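So the structure is just underneath, and the comments pick up after that.
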Amino acid sequence: IFPADLDFSNYDYTLAGSPHAFEDYRIGEKIDHVDGMTIEEAEHQLATRLYQNTARVHFDALAQQNSRFGKRLIYGGVAISLARALAFNGLGNSALMLAINAGRHVNPLFAGDTLYAWSEVLGTADLGAAGALRLRLVAAKNKPCADFPYKNESGEYDPAVVLDFDYWAATPRRQ
């Protein structure tokens, strides 16, 4: 639900650092978020502890040597957070997440991988004080997203895709 007291009437796009308003986005539009972010062991562990996830698959390096991948996995919450942070390049004014529709961790992510992201506008809604964008956020490891890696003709994910995330975000309207 959109907060009733949220007022975008004096929204300053210059101060926000992004010129894009709700009206600038079109259904079907794809946005390459351009930047990449390499995930390091220490920051992954710190973030995972802060999210209160203590699963050994994320922390116990000795036990994971004999696992399917032979090393620790990056916690999915870290992947979502980093992908959302990357999405600010192109969706800087769409910071208020209204709802999560679905999400899927598609392939594993490991320390040393570089995460890239792109978004697709799936839908729009008029909320009065603002608009809402329904967005698909796709994150890929070790592959820039200029060609929008996703699924092939058979519906299988590109091996680089690690996250497929569908959500709604509030976006200021031009007054």
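The values are calculated or read from the model by the stated rules, or taken from the named source; none is laboratory data. Source: prediction; values computed, not measured. All Cβ positions, even for glycine, are placed from backbone atoms using ideal geometry, and neighbour counts span all protein chains on display. Only protein heavy atoms, including side chains, enter the accessible area calculation; ligands, DNA and RNA are left aside. Shrake-Rupley method; radii C 1.70, N 1.55, O 1.52, S 1.80 Å.
Some observations on this one:
- Checking the stated criteria, Ile27 turns out not to satisfy the condition of being surrounded by 14 or more Cβ atoms within 10 Å (Cβ to Cβ) and in contact (Cβ under 8 Å) with a residue 40 or more places away in the chain.
- Checked against (1) of a type in the set (Gly, Ala, Ser); (2) in contact with a strand residue (DSSP E or B) (Cβ under 9 Å, 6 or more places away or on another chain); (3) on the phi < 0 side of the Ramachandran plot, Ser18 passes all but condition (2).
- The number of residues in region 130-167 being more than 29 Å from Glu40 (Cα to Cα), open to solvent by 40 Å² or more (accessible area, probe 1.4 Å) and in contact with a strand residue (DSSP E or B) (Cβ under 9 Å, 6 or more places away or on another chain) comes to 1.
- Residue that is modelled with the lowest pLDDT [pool: residues in region 74-103 that are within 19 Å of His44 (Cα to Cα) and open to solvent by 40 Å² or more (accessible area, probe 1.4 Å)]: Tyr75
- Only a single criterion out of (1) touching a residue at least 40 places away in the same chain (Cβ under 8 Å); (2) buried (at least 17 other Cβ atoms within 10 Å of the Cβ) is not satisfied by Asp32, namely (2).
- Selection status of Ala16, in contact (Cβ under 8 Å) with a residue 60 or more places away in the chain, loosely packed, with under 14 Cβ neighbours inside 10 Å, among the small types (Gly, Ala, Ser) and over 22 Å from Ile100 (Cα atoms): yes
- The one condition in (1) out of contact with any His (no Cβ under 9 Å at 6 or more places or on another chain); (2) under 20 Å from Asp32 (Cα atoms); (3) touching a residue at least 40 places away in the same chain (Cβ under 8 Å) that Pro108 fails to fulfil: (2)
- Of the residues making up region 136-166, just one is free of Cβ contacts under 8 Å to residues at least 60 places away in the same chain, on the phi > 0 side of the Ramachandran plot and not small (Gly, Ala, Ser), namely Asn142.
- Taken over region 124-141, the criterion of being under 18 Å from Ala85 (Cβ atoms) and not small (Gly, Ala, Ser) is satisfied by Leu133, Leu135, Arg136, Leu137, Val138, Lys141.
- Boolean, Ala61 is open to solvent by 30 Å² or more (accessible area, probe 1.4 Å) and either under 24 Å from Tyr150 (Cα atoms) or not acidic (Asp, Glu) (or both): yes
- Residue match in region 40-52 (condition: surrounded by 18 or more Cβ atoms within 10 Å (Cβ to Cβ) and at pLDDT 90 or above): no
- Note on region 1-44: among residues that are hydroxyl-bearing (Ser, Thr, Tyr) and outside any loop (DSSP other than H, G, I, E, B), the one that is farthest from the chain's Cα centre (by Cα) is Thr14.
- Residues satisfying the stated conditions in region 162-175, i.e. among the β-branched types (Val, Ile, Thr) and farther than 15 Å from Leu86 by Cα: Thr171
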